[in-house]
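The values are calculated or read from the model by the stated rules, or taken from the named source; none is laboratory data. Everything numeric in this text was worked out from a predicted model, so none of it was measured. FYI the Cβ positions are ideal-geometry reconstructions off the backbone, even for glycines, and counts take in every protein chain you see. Heavy atoms of the whole protein, side chains included, go into the accessibility calculation; ligands, DNA and RNA do not. Shrake-Rupley method; radii C 1.70, N 1.55, O 1.52, S 1.80 Å.
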Amino acid sequence: MADTEHRQPPPAPEIASPEEDPNATIQCSSPPCFMHELDPSWLGFMPWLEVRAWRKAQRARLIADRLAPPREARAVRDAAITPRIRAALPPMAGVVVGFYWPMRGEYDPRPLARALHAEGVQLALPVVVAKAAPMVFRPWFPGARLVPGIWDIPVPAEGEPVAPDLLLVPLVGFDAGRYRLGYGGGYYDRTLAAMPKRPTTIGIGFEQGSLATIHPQPHDIPMDVIVTEGRTVSAGQ
Ligand SMILES: Nc1nc2c(c(=O)[nH]1)N(C=O)[C@@H](CNc1ccc(C(=O)N[C@@H](CCC(=O)O)C(=O)O)cc1)CN2
Ligand SMILES: Nc1ncnc2c1ncn2[C@@H]1O[C@H](COP(=O)(O)OP(=O)(O)OP(=O)(O)O)[C@@H](O)[C@H]1O
């Protein structure tokens, strides 16, 4: 009877185990999965250990690359950044600004810090007080006594910690989501996560540090604004 034939289950596919016959053709109801052949970064979920290794390689490449131009060319690049930071600053009355003491070819924010100080703005520098812990910010003013901190970066020798309302944050790299690549200590992320009132963050980098993605992780906190010698990128742009 035709009806009964229709109810017959389809013939079982002939599946030979690879041990039996490595050339056997396997019939499946859907194509075999090929996800494992794709670059995990393309899929958007590179595992953390891979991300960490990738970031380490990018840091080394980007730091060497930004130090490559002669000093004069780097000064020209810095000079294009200063007015962009100025334009991105909110009204500064009563605002505490955290900046940084530059190293390894970072944009030099010290002239801007001196100018802001002359305008009555209170400034502060980050201090690593313990490894893998949030940083504190100590007041800075021209002539403040500085001592070597982590990596020999100068930090104010004394002063009660202050809470910045605005942070100038150095970037090694950055991406289209305004996520930041730093030096791999996680210090800014930890500090921002621990601050009761999140300050406005202005990330400062160079165009050579632009990456498609830094493969942001749950701990990565994006910058509010990113300034380079060629662009100012804010939320909603
Ligand atoms: N000019 C400037 N000052 C700054 C910072 C900065 O980025 N620029 N910082 C911004 O954070 C803090 C210092 N940042 C540091 C970041 C990482 C390591 C560190 O020990 N890195 C490890 C690598 C970690 C890893 O890859 O897992 C190392 O080099 O061994 C030290 C200091 C405070 N001062
Ligand atoms: N809020 C946090 N709490 C605990 N660990 C954190 C936090 N933020 C970052 N980390 C850890 O810090 C490490 C480094 O992070 P990441 O690669 O993002 O550093 P980075 O932003 O480039 O460094 P830096 O800010 O020091 O320049 C990671 O192992 C990460 O898990």
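Converting phi to 3J(HN,Hα) with the Karplus coefficients 6.51, -1.76 and 1.60 and the offset θ = phi - 60°, the range 72-78 yields 5, 5, 5, 5, 5, 4, 4 Hz in sequence order, with x at every glycine or proline.
When both bridge partners sit in the range 55-174, DSSP labels roughly 65% of those beta bridges antiparallel. Charge tally around residue 178: other residues with Cβ under 13 Å, Lys/Arg +1 each, Asp/Glu -1 each, net -1. Taking the centroid of alpha carbons for each part, the range 178-222 and the range 124-142 are 17 Å apart.
Around the amide H of residue 149, modelled in the peptide plane, lie the amide H atoms of 155, all under 5 Å away and 5 or more residues distant in sequence or on another chain.
Only beta bridges with both residues in the range 161-237 are counted; by DSSP, about 35 percent of them are antiparallel. Given a 1.4 Å probe and the protein chains as shown, residue 197 ends up with an accessible area of around 140 Å². A cut-off of 5 Å between modelled amide H atoms, ignoring neighbours fewer than 5 places along the same chain, links residue 201 with 167, 224, 225. Express the relative contact order of the range 17-234 as a whole percentage, based on alpha carbon pairs under 8 Å and six or more residues apart in sequence. Across the range 17-234, relative contact order equals 20 percent. Largest accessible area first, the residues 45, 99 order themselves as 45, 99 under a 1.4 Å probe with ligands, DNA and RNA left out. A 1.4 Å probe, protein heavy atoms only, puts the accessible area of residue 221 near 30 Å².
If both residues of a DSSP beta bridge must be in the range 17-234, then about 50% of such bridges are antiparallel.
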